[in-house]
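Here's the structure we're looking at; comments come further down.
The values are calculated or read from the model by the stated rules, or taken from the named source; none is laboratory data. Computed from a predicted structure; not experimentally measured. We place every Cβ from the backbone using ideal geometry, glycine too, and count neighbours over all the protein chains shown. Note: accessible area is taken over every heavy atom of the protein model, side chains too, but ligands, DNA and RNA are not part of it. Shrake-Rupley method; radii C 1.70, N 1.55, O 1.52, S 1.80 Å.
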Amino acid sequence: MTAAGRAASARIHFLADFCREHPLDEKTLVVPAFIVGRQIGESLARQAGSWINLRLVTPSTLAAEVLERSGGAGSARPMSSPSELALTDRLFRTLLAEGKLEYFGRAGASPGLVHALHRAVRDLRLAGLTSADIRPERFLVESKGRELALLLERFERALAADGLYDRPALLGRAVKAAAGTAPSSGWILGLRDVRLSRLEAELVRAVGGDRLVLVPGDPVFGLQRPRHFWPAGPVEDGREAGPLSWLFAPGQAPSPRGDGGVDIFRALGPANECREILRRLYAEATPFDHVEILTPPGSAHATVFHLLSTRTGLPVTFGDGIPVSFSSPGRLFFGLADWLASDFSSDVLSRLIERGDLVLPTGGTGPPLAARTACRHLRAAMIGWGRDRYASRLRALRESKEADLRSLAADEGGDALDAVEARRAGRIAAIAEIDGLAAAVGRLLSVIPEAGAGGAYDFQALCDAFSRVLRDHGRAETDLDRRALEALLVRLAEVLSEGRFPPLALNEVLGLIRAAGTSLRVGASPPLPGRLHIAAYSSGGYSGRPVTFVAGLDEAAFPGRGLQDPVLLDEERNAISDFLPTAADVLRVNLFGLAATLASLRGRVLFSYSSYDIIEGRESFPSSVVLQAFRLCRRDPGLDYAALESGLPEASGFLPGRPDRAIDDLEWWLDRL
């Protein structure tokens, strides 16, 4: 590519021109996330050279600013998603105890049902609906509609009574505040190809007024624009579009312009798919900071790259972060839940200590007990399970060491003096270690509350115990671990503030606590020099890097299964409101969203998928996106999956194929066998 303009997407072209035309006007660009905004800003600087008076905000940030300017911010406190889930759980249990849940009460207060109800409440509220808008006769079963409306009403009342607001409440209040004030004097810019919820779109319209400008993306030919997106812009001829704008219209695609090309490969499982990406980079000597890798949300690919980074030092950034469970505090958090769920199994405790995630201080000024030593004594004590067995079994182990010590004193004449003294010193040291271990385990157990009447646990007390164990017995030596520890403590504090539950069974309490940590991700970063960048389909494609891998394109991962919501069925969603997305809408949004991202890419693009599920021992098949890419490469819209199967090279596996493609010592040696 010889011209800088040829390397930029339509979005960056438009923003660069707009900034040049309105250099001194205040401009606010609404972006889905701040990391996305930073990448757009960097790409804009590369294209336009410089820009001023352009602010990048998310819809939630814009809502907070509107409320602050209007004086309507108030003293209400925001809620996180786990806090909303905990509130939904508490309200459901209250209604169940009051005997008001005939339809939903049959299943009891199961975690799966509560999660489904929370999703339904969130979807209704993001669509701008209240309990008064829920008409039971529009449900297939009227009692379900009545009970869902009752739960939503209790949710609304709880927010008002406790001075809380969730994200829909924040957006809704901001929409009302913006409607009562003059529109912004500056320009409000929105990304045309980014889907917003009803409340988000209403807020952007209300704030922007006649100063709202929709930033176009590259055209997507051959694919219908889903509903709930911003209206389509003027029809373009595609002369400046990227080659993947014709992904779903390969028969209309112009001749290749040398923009980098499209390639496809397959691999045996996601791990080998990730390895093959790295092999190609090594073999072609591609700089890491020229590459972005897009992965399906929730797939194993980001996990594989994180593990490779940990083991080999691979320089990598993650646009969406990594699950907190891959940090030391995260492993302690979930491991502590497993320890309690297993009735304080000594094996679970030993694993936490062995990995270094749980530190057992001796209580004095000396160093913590060595992990290997502590685990050796725990296994020798034969504790098994049970909270009360730790003290008695460690005491029995100590007594056995004391008996050995006395027997050595009685047999002093039988062996050489030096050997006897060495064994005596070993027994004395072991006794001291067991004493230290017993004291440390005792302190750990004293933090964890015991069950009350009927084996029920106090939710708040157990949350507080998790926080204390993380603070006092955790390890946070790296920046990632420190961030994870802080995030977990903040999340536990949020859930604790909503933890007004009656005593619950242990598995129910642990389910709520685990849910608080499951959605946490840490270490999110924009692309950095010298590093690969990993991002999800929905948040990637903004880096402007010349090489993009689109991984994980098997039919099970993308565009999705299209399963209906178990609480709000598609027929009921259509009857309640046009703004409630159905399962078909979700599939269309996923497909169009990826198509719009691909259309914006410039340079070389490589598609890949896993052709074999190693765990299940069965074949897996490509997504329709892979077939479309194959048709585009061959300029033949009539090709089918059989042609795709025969036209691709053999699936990449565990062997690199050549020494220069090996990504670590293991692959180098395997290639030599």
(message) Once the cut-off is 29 Å, how many percent of the Cα-Cα pairs in region 524-673 end up in the long-distance tail?
(response) 35 percent
(request) Could you give the size of the charge dipole of the chain about its Cα centre, using +1 on the Cβ of each K and R and -1 on the Cβ of each D and E, expressed in debye and rounded to the nearest 20? (result) 760 debye
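Just the Kirkwood number for region 602-669, please: inverse of mean 1/r across all distinct Cα pairs, in Å, one decimal. Write out the running numbers ahead of the final one.
Values: mean 1/r = 0.0700 Å⁻¹.
Every distinct Cα pair counted, the radius reaches 14.3 Å.
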(request) Name the long-range amide H neighbours of Tyr537: under 5 Å, sequence gap of 5 or more, or other chain; modelled H, no Pro or chain starts. (result) Thr295
(message) Applying a 10 Å radius around every beta-carbon, put 295-305, 209-219 in order of their mean neighbour count, most first.
(response) 295-305, 209-219
(message) Output needed: percent of Cα pairs per 5 Å distance bin for region 464-612, bins running from 0 to the one holding the longest distance.
(response) 2, 7, 11, 12, 11, 12, 16, 14, 10, 4, 1, 0
(message) Taking every pair of distinct Cα atoms and averaging 1/r, then inverting, what Kirkwood hydrodynamic radius in Å comes out for region 116-242?
(response) 17.3 Å
(request) Just order 646-658, 573-585 by mean Cβ neighbour count inside 10 Å, highest at the front, would you? (result) 573-585, 646-658
(request) Would you kindly derive the ³J(HN,Hα) couplings of region 427-439 from the backbone phi angles with the Karplus curve 6.51 cos²θ - 1.76 cosθ + 1.60 (θ = phi - 60°), listing them in order in whole Hz, with x for Gly and Pro? (result) 5, 5, 5, 5, 4, 5, 5, 5, 4, x, 5, 4, 5
(message) Once you keep just the Cα pairs under 8 angstrom separated by 6 or more residues, what percentage relative contact order results for the chain?
(response) 22 percent
(request) Tell me which residues come under 5 Å, amide H to amide H, from Ala524 once H is placed; ignore anything under 5 positions away on its chain. (result) Gly321, Ile322
(message) I'd like to know which of Gly647, Ile615, Gln564 lies farthest towards the positive end of the charge dipole of region 526-673, counting +1 on Cβ of Lys and Arg and -1 on Cβ of Asp and Glu.
(response) Gly647
(message) Can you return the lysines within cross-link range of Lys100? Criterion is Cα-Cα under 18 Å, with same-chain partners fewer than 8 residues away left out.
(response) Lys144
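For the chain, what value does the Rg/Rh ratio take when both radii are computed over Cα atoms and Rh is the Kirkwood radius, given to two decimals?
Using Cα coordinates only, the ratio equals 1.03.
Treating the beta-carbon of each Lys and Arg as +1 and of each Asp and Glu as -1, no other charges, what is the dipole magnitude of region 458-532 about its Cα centre, to the nearest 20 debye?
Value, rounded to 20: 260 debye.
Using Cα pairs under 8 angstrom and six or more residues apart, how large is the relative contact order of region 58-153, in percent?
About 24 percent, as a whole number.
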(request) Take the solvent-accessible surface of the protein heavy atoms, probe 1.4 Å, and return the percent of it on the chain that carbon and sulfur atoms account for. (result) 54 percent
(message) Sorting check: for 119-126, 104-111, which peptide has the highest mean count of neighbouring beta carbons within 10 Å, and how do the rest follow?
(response) 119-126, 104-111
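For region 89-170, take the alpha-carbon Rg, divide it by the Kirkwood Rh, and send me Rg/Rh.
My calculation of the ratio gives 0.94.
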(message) I want the antiparallel fraction of DSSP beta bridges within the chain, as a percent rounded to 5.
(response) 15 percent
(request) Per residue of region 100-117, in order, report the coupling 6.51 cos²θ - 1.76 cosθ + 1.60 (Karplus, θ = phi - 60°) as ³J(HN,Hα) in whole Hz, putting x for Gly and Pro. (result) 9, 10, 7, 6, 6, x, 5, 8, x, 8, 7, x, x, 5, 5, 4, 5, 5
(message) Using the Karplus curve 6.51 cos²θ - 1.76 cosθ + 1.60 with θ = phi - 60°, what ³J(HN,Hα) values do you get for each residue of region 338-344, in whole Hz, with x for Gly and Pro?
(response) 5, 5, 5, 5, 8, 6, 6
(message) Can you list residues from other chains, or at least 5 along the same chain, whose modelled amide H is less than 5 Å from the amide H of Ala253?
(response) none
(message) I'd like the FRET efficiency for Tyr282 and Arg46, computed as 1/(1 + (r/R0)^6) with the beta carbon distance as r and R0 of 25 Å, rounded to 0.05.
(response) 0.40
(request) Report the extension gain between Ser392 and Glu645 in nm, rounded to one decimal, defined as 0.36 nm multiplied by the number of residues separating them, less their alpha carbon distance. (result) 84.7 nm
(request) Pick out, from Gly335, Thr317, Gly190, the residue whose Cα sits farthest towards the positive end of the charge dipole of the chain, with +1 on the Cβ of Lys and Arg and -1 on the Cβ of Asp and Glu. (result) Gly190
